[in-house]
Structures are given as structure tokens and as C-alpha cells.
Amino acid sequence: MAIAFPYAVAGNSVTVRWNLPRASLLRTPVAARGYTKFLWGCALSSSSNYGKSLLGPRNFFERSIPVNRNTNRRMGFCRCATIEEIEAEKSMIESEAKDRMEKTIETIRGNFNAVRTGRASPAMLDRVEVEYYGTPVSLKSIAQISTPDGSSLLVQPFDKSCLKDIEKAIVKSDLDVTPNNDGEVIRLNIPPLTSERRKDLLKIVAKQAEEGKVAIRNIRRDAIKAYEKLEKEKKLSEDNVKDLSSDLQKVTDGYVKKIDSIYKQKEKELMTV
């Protein structure tokens, strides 16, 4: 149903007159210059001063309708994210979670390597830092480390002037070994582990493994929060978030199993006499 209003506007309203009885009016939505109101009426036509009913002459009454006079106001708009942008955000969240989990695995391996077993290994010195000209640096970055046999390590610095600094750093470490400095290289004799010491080291390794699992689960939690944020922004549905969370749980379980595998391998090394 189309309605034409008079062009003359007084104040903020348009006066419209209907020539029909109140009892015959029907509830009809009518748009008036940007404002929608529900008017009691039926099909109308306009004249220069009033709207005349198409149903014939009846009793007159009038009603005022608010009109939006700011016709030059700019209309705002909302840009929705495209499917490609949403997929990119999902992929970024998943990729970031996997990268962080991989770094956690690397950290656990490094911590395990630093725990010495009954056999000599250059990895035992990975966490030893040396004060080199006032700056702490990794021992393996300033010296070559080798294993002449299964019970000793040989540390040969690139700069012989730092031999004493290397010796001091090894003594301060938790390796529980005594360095032998001959002015050219440093030799480390790795004593066999006692049964009691093996049990202590095993407890340390078990604690590090559990801390790694907690870190993996925290990464999963952060990723789910990121998915839930997309849901609040209406970019993902509740079902999407559930599916993505389920997939992420499978990834999390896989990394937890990796930690278990690394731990069992280290446990075997520690318990081997």
C-alpha cells in the first residue's frame, strides 16, 4: 500500500487527515521519511492539503506523524568479514598454537639433555653459561665440546683466555663434576651415578615433564579463548567453536603423548647402569 504525504511540513510533523470511521481502521505499517509508524488506516491517496480515503467520505479526524528533518545526515555502514578472512583467522590461531607447542617440546628436550646420565654427552653442557667479557654466553658458542670416550668430555675454547671463566662456570653448574684445566683444554670425567642419585634425577625429570604438559594445556586454553572471541564477534557459530575445540584437543593429546615418549626415553637412560 503506497501513501503520499503533503509537501508542506510544519515543525517536526506532517498532518494527515483520513475520511473514514475509526471502527473500520486496520493496523497498517506506514513509512514516513525514514520513520516507520503503525497507523490505523487503509489505502489512502493524497491531495495538496490532506490524504483522502479511497473508501468514500466518512467522519474526519487527524493524527500527526514525526518526520526526520535531517535529510543530509550520513548513513553509517557495517562491513562484515569475508569467508577468506575468517578462515585466515582460524588458521592463524591453530598455527600459533602448534608453534608454541613445538617450542614447549624443544624446551623439554633441552632440559632433559641437561640432566646427566651415566654416559658422557656434549648435551650435558647445553645450559652452562660463561661470563665472556662481561656478557653471559652459552658455553657451546665459545668452545668445541667432544667426547673422547663414554666417561669423559673435552672442552676446547676458541679463545684460550677464557679457560678460567669456563672452569668457573662448570663448577657453579649443577653437573656435580670437577673440571681439569691444563691450560689448553678442560677435561671432565663423568663419574657413574649412584642409585640414590639416579632416583633424584628421575624425580627432576618427571617434574619437568609434568610442567611441559601443563604448558601444552595452557596453550590449548588460549587458543579456545581466541575461538570464543570470534564467536562473540559473530564470525563463528557455537557449533564451529565446538568442532574447532575438538580438533584442538586431538592436537593437544598428540603433544602430551610426545612428552610422555621423551620422558620414558630419559627414564630409561637414567636407570641404565
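At-a-glance table
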{"item": "Residue in the range 179-238 that is nearest to L163 (Cα to Cα), counting only those that are among the aliphatic types (A, V, I, L, M) and open to solvent by 50 Å² or more (accessible area, probe 1.4 Å)", "result": "I204"}
{"item": "Residues (buried (at least 20 other Cβ atoms within 10 Å of the Cβ) and touching a Lys or Arg at 6+ places or on another chain (Cβ under 7 Å)) located in the range 116-139", "result": "M124, L125"}
{"item": "Which numbered condition Q249 misses (of (1) in a helix (DSSP H, G or I); (2) crowded, with 16+ Cβ neighbours inside 10 Å; (3) within 16 Å of the chain's Cα centre (by Cα))", "result": "(2)"}
{"item": "Qualifying residue in the range 167-174 (condition: at pLDDT below 90 and surrounded by 14 or more Cβ atoms within 10 Å (Cβ to Cβ))", "result": "yes"}
{"item": "Qualifying residue in the range 172-191 (condition: in a helix (DSSP H, G or I) and closer than 21 Å to G110 by Cβ)", "result": "yes"}
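The values are calculated or read from the model by the stated rules, or taken from the named source; none is laboratory data. Since this is a predicted model, take the numbers as computed values, not measurements. Quick reminder, even Gly has a Cβ in these numbers, built from the backbone with ideal geometry, and neighbours come from all protein chains shown. Areas reflect the complete protein model, heavy atoms only, side chains present, ligands, DNA and RNA absent. Shrake-Rupley method; radii C 1.70, N 1.55, O 1.52, S 1.80 Å.
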